[in-house]
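First up is the structure itself, then whatever we jot down about it.
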Amino acid sequence: MNDKPKLRGRSIKSLMELKPLLDRMNDEVEEPGYIPHDPVQFMHLFTDKRDMEIAGFLAATMAWGRRDIVISKVHDLLKRMHYQPFEFVMGYSQKQFDRLTGFKHRTFKPIDIHGMVLALQQIYLEYEDFEEFWAECHRAGLQQDRPFLALFHERFFEKSSDLAERTRKHISNPEKGSTCKRLYMYLRWTIRKDSPVDPGIWNFIEPSELLVPFDVHVARQARRYGLITRRSDDWKTVNELTESLKIMNPDDPARYDYALFGIGALDYNLPKKFILNKV
């Protein structure tokens, strides 16, 4: 039996009182100086859209753990690709597997990168670019009334000609309850416009459709300040958080990811009067 007290949530009026403080904090965190300390930097390394989207996808997929270690590991992987990710993907075959030998990050192994690169290769053979593939998944999601990230999970792995079953765990599926944090971080990078951090190179959905990348820092602060009332970290909770943030900014709710990250990881503070829950 769960004896923890029920979490309190904010009223619409209270959310609008909180909005100017979060906006100000967001502006302080979401600035160019953020880029060198975050995996988003790998999209900024390139000017070709295909290089940007591949580098960003690999970086977001590997964004697990301390940011400095993630950045080091992504550099390791891109170095093996001679910092030409699109050229590497399109020229890749089993003969090039030795270029991945020795790579490791958390539970990522060479066989996982191998399967994902082959999937990317097939996608670029069939589609104009990676965005077009995402757009098709989005259309299918609307037609089937399913989260389009579930369609992405299914169809991405179907494209790989040599896939280890273990590799599937590296891309989340909302239909299994996942918050899909890394996928929505990637989409934040690619979709949000006019940001000093997020490159915003894609147009297949509007920023208003993004969910917030939901990690432990965001979860803790969202509960502390009454932006969510659910205690579990799952797909329903990230949707609850996004709905709260949409009240403050219906056109770009994921913008507040920076403010919540700043409170949770960078020691930014809000006035104590806004704290609703002890977590």
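Within the stretch 250-260, is there a residue that is touching a residue at least 60 places away in the same chain (Cβ under 8 Å), surrounded by fewer than 24 Cβ atoms within 10 Å (Cβ to Cβ), more than 17 Å from the chain's Cα centre (by Cα) and outside any helix (DSSP H, G or I)? There is no residue in the stretch 250-260 that is touching a residue at least 60 places away in the same chain (Cβ under 8 Å), surrounded by fewer than 24 Cβ atoms within 10 Å (Cβ to Cβ), more than 17 Å from the chain's Cα centre (by Cα) and outside any helix (DSSP H, G or I).
Taken together, the residues in the stretch 147-169 that are of a type in the set (S, T, Y) and touching a Leu at 6+ places or on another chain (Cβ under 9 Å) amount to 2.
A quick yes/no check of all residues on (1) under 22 Å from the mean Cα position of the chain (by Cα); (2) of a type in the set (D, E, K, R); (3) farther than 15 Å from S161 by Cα:
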site	(1), (2), (3)
F88	no, no, yes
Y92	no, no, no
L100	no, no, yes
F103	no, no, yes
K109	yes, yes, yes
H114	yes, no, no
L120	yes, no, no
E126	no, yes, no
R146	yes, yes, yes
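Of the candidates D194, D198, the single residue that is buried (at least 23 other Cβ atoms within 10 Å of the Cβ) and farther than 22 Å from D112 by Cα is D198. A count restricted to the stretch 261-276 and to residues that are touching a Leu at 6+ places or on another chain (Cβ under 8 Å) and either part of a helix (DSSP H, G or I) or under 24 Å from I35 (Cβ atoms) (or both) stands at 2. Filtering the stretch 158-174 to residues that are in contact (Cβ under 8 Å) with a residue 40 or more places away in the chain, farther than 16 Å from A63 by Cα and assigned to a helix (DSSP H, G or I) leaves R166, P174.
Of all residue pairs spaced 6 or more apart or on separate chains, those with beta-carbon atoms under 6 Å, a first member in the stretch 213-231 that is more than 12 Å from D257 (Cα to Cα) and a second member that is part of a loop (DSSP other than H, G, I, E, B) and of a type in the set (S, T, N, Q) are R223/N277; R224/N277. Scanning the stretch 174-191 for residues that are buried (at least 19 other Cβ atoms within 10 Å of the Cβ) and either touching a helix residue (DSSP H, G or I) at 6+ places or on another chain (Cβ under 6 Å) or over 17 Å from M43 (Cβ atoms) (or both) yields P174, S178, T179, C180, K181, R182, L183, M185, Y186, R188, W189, I191. The set of residues in the stretch 212-232 that are within 21 Å of R67 (Cα to Cα) and part of a loop (DSSP other than H, G, I, E, B) comprises V212, P213, F214, D215.
With respect to the conditions (1) acidic (D, E); (2) within 30 Å of I111 (Cα to Cα); (3) in contact with a Pro (Cβ under 8 Å, 6 or more places away or on another chain), D251 lacks only one, and its number is (2). Selection over the stretch 10-34 of residues that are surrounded by fewer than 18 Cβ atoms within 10 Å (Cβ to Cβ) and not acidic (D, E) gives a count of 11.
Scanning the stretch 175-198 for residues that are among the basic types (K, R) and in a helix (DSSP H, G or I) yields K176, K181, R182, R188.
Values quoted throughout were computed directly from the atomic coordinates according to the rules given, and no laboratory measurement underlies them. None of these values were measured; they are calculated from a predicted model. In this analysis, Cβ positions are derived from the backbone assuming ideal geometry, glycine residues included, and neighbour counts consider all displayed protein chains.
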